[in-house]
1. Determine which single condition A21 fails, assuming it passes every other condition in (1) open to solvent by 60 Å² or more (accessible area, probe 1.4 Å); (2) touching a residue at least 12 places away in the same chain (Cβ under 8 Å); (3) under 26 Å from S200 (Cβ atoms).
2. For Y104, which of the numbered conditions (1) surrounded by 19 or more Cβ atoms within 10 Å (Cβ to Cβ); (2) more than 26 Å from H228 (Cα to Cα); (3) not hydrophobic (A, V, I, L, M, F, W, C) fails to hold?
3. Suppose we filter Y174, Y154, Y220, Y187 for residues that are open to solvent by 60 Å² or more (accessible area, probe 1.4 Å) and either in contact with a helix residue (DSSP H, G or I) (Cβ under 6 Å, 6 or more places away or on another chain) or within 30 Å of Y48 (Cβ to Cβ) (or both); which single one remains?
4. Look through the range 117-135, keep the residues that are open to solvent by 10 Å² or more (accessible area, probe 1.4 Å) and part of a loop (DSSP other than H, G, I, E, B), and return whichever of them is nearest to V177 (Cα to Cα).
5. Are any residues in the range 122-174 under 21 Å from Y220 (Cβ atoms), among the aromatic types (F, W, Y) and within 16 Å of the chain's Cα centre (by Cα), and if so, which ones?
6. Within the range 182-207, work out how many residues are in a helix (DSSP H, G or I) and free of Cβ contacts under 8 Å to residues at least 40 places away in the same chain.
7. Exactly one of these conditions fails for K161: (1) at positive phi; (2) loosely packed, with under 15 Cβ neighbours inside 10 Å; (3) not β-branched (V, I, T). Give me its number.
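The values are calculated or read from the model by the stated rules, or taken from the named source; none is laboratory data. Since the structure is predicted, the reported quantities are computational estimates derived from the model, not experimental observations. Cβ sites come from the backbone with ideal geometry, for glycine too, and all protein chains shown count toward neighbours. SASA here: full protein model, heavy atoms, side chains in, ligands and nucleic acids out. Shrake-Rupley method; radii C 1.70, N 1.55, O 1.52, S 1.80 Å.
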Amino acid sequence: MKFVKLEVNEEHIALVTFHRAPINAVSYEANIELSETFEGINKRDDIYCVIFRGEGKGFMSGSDTGDFDAFDDSGLKTYEDADIRTVLAIENCKVPVICQIQGYVMGLGTCLAAASDMIVAADDAYFGQPEVTICVCGGTGALRQLVPEKFMRYMALTGKKIGIQKIAEFGQIYSVVPRDQALDEVYALARQITANYTKSVQCVKAAIKELVNRDSEKEYRIDCKQTHIMLKDPKRDEVLAAHNEMLRKKREAKERATKEAAN
């Protein structure tokens, strides 16, 4: 596969690594690879636990929104179907999925992290729901699994990023460790799970899923409906242009500061 690597060690722990340079944005093709990987795990008997991680500076920057404008309504629906297929493939994986995050966890990245069973975070991780700044909508249902409703509203309505230390206060992160210790920490957690009889673990996970009874697809479709409305707004191009100009100025200011510091 081009964007997803699957490795299984002798302890029956699978490492699924997503890598799509430069910022791990999820394209349609990448979505298909991710969903096929997790669906394929359900057909195997040699995997007892999965570690899911993104390679590079950040875990995932979200959907590749640069693709959106190239789609009509039908094409966008196909793209959205691929998104929800990936979310459900992780959520419905028959063995536990531990998500290891670092750096940015944005948009669809939040959905995929929330679809996992547990999260281990590097201390430089942060969550963001920036869709409101680029005139789309997404991930609010998933974000509600990680933070209280009122805090979800703050993140979704402002588009502000929130550091992992604050997110961890809400009790949905297993542990926060220095970045260079994150992979060791997540393997240690996986070994605690695989020490149990794998069929028992799978039955417990199935029971938890039924008890929690999330309707991830319905939640995602609600966001999609609002995205379609915003994509057709006549002022969207103007808003995006202003947003991109602001980002350009920030990048230039950061580059100047870096050069001045070097001198």
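1. Failing condition for A21: (3).
2. (2)
3. Numbers: Y154 fails: either in contact with a helix residue (DSSP H, G or I) (Cβ under 6 Å, 6 or more places away or on another chain) or within 30 Å of Y48 (Cβ to Cβ) (or both); Y220 fails: open to solvent by 60 Å² or more (accessible area, probe 1.4 Å); Y187 fails: open to solvent by 60 Å² or more (accessible area, probe 1.4 Å).
Going through Y174, Y154, Y220, Y187 in turn, just one is open to solvent by 60 Å² or more (accessible area, probe 1.4 Å) and either in contact with a helix residue (DSSP H, G or I) (Cβ under 6 Å, 6 or more places away or on another chain) or within 30 Å of Y48 (Cβ to Cβ) (or both): Y174.
4. Taking the range 117-135 first, the residues open to solvent by 10 Å² or more (accessible area, probe 1.4 Å) are 117-118, 123-124, 126, 130-135.
The next check asks that each one be part of a loop (DSSP other than H, G, I, E, B); those that pass are 117, 123-124, 135.
Working: D117: 18, D123: 5, D124: 9, C135: 34 Å.
Looking at residues that are open to solvent by 10 Å² or more (accessible area, probe 1.4 Å) and part of a loop (DSSP other than H, G, I, E, B), I get D123.
5. F127 - this is the single residue of the range 122-174 that is under 21 Å from Y220 (Cβ atoms), among the aromatic types (F, W, Y) and within 16 Å of the chain's Cα centre (by Cα).
6. Restricting attention to the range 182-207, the residues satisfying the condition of being in a helix (DSSP H, G or I) are 182-194, 198-207.
Subsequent filtering for residues that are free of Cβ contacts under 8 Å to residues at least 40 places away in the same chain retains 184, 188, 192, 199-200, 203-204, 207.
Within the range 182-207, residues that are in a helix (DSSP H, G or I) and free of Cβ contacts under 8 Å to residues at least 40 places away in the same chain number 8.
7. Of (1) at positive phi; (2) loosely packed, with under 15 Cβ neighbours inside 10 Å; (3) not β-branched (V, I, T), only one is false for K161: (1).
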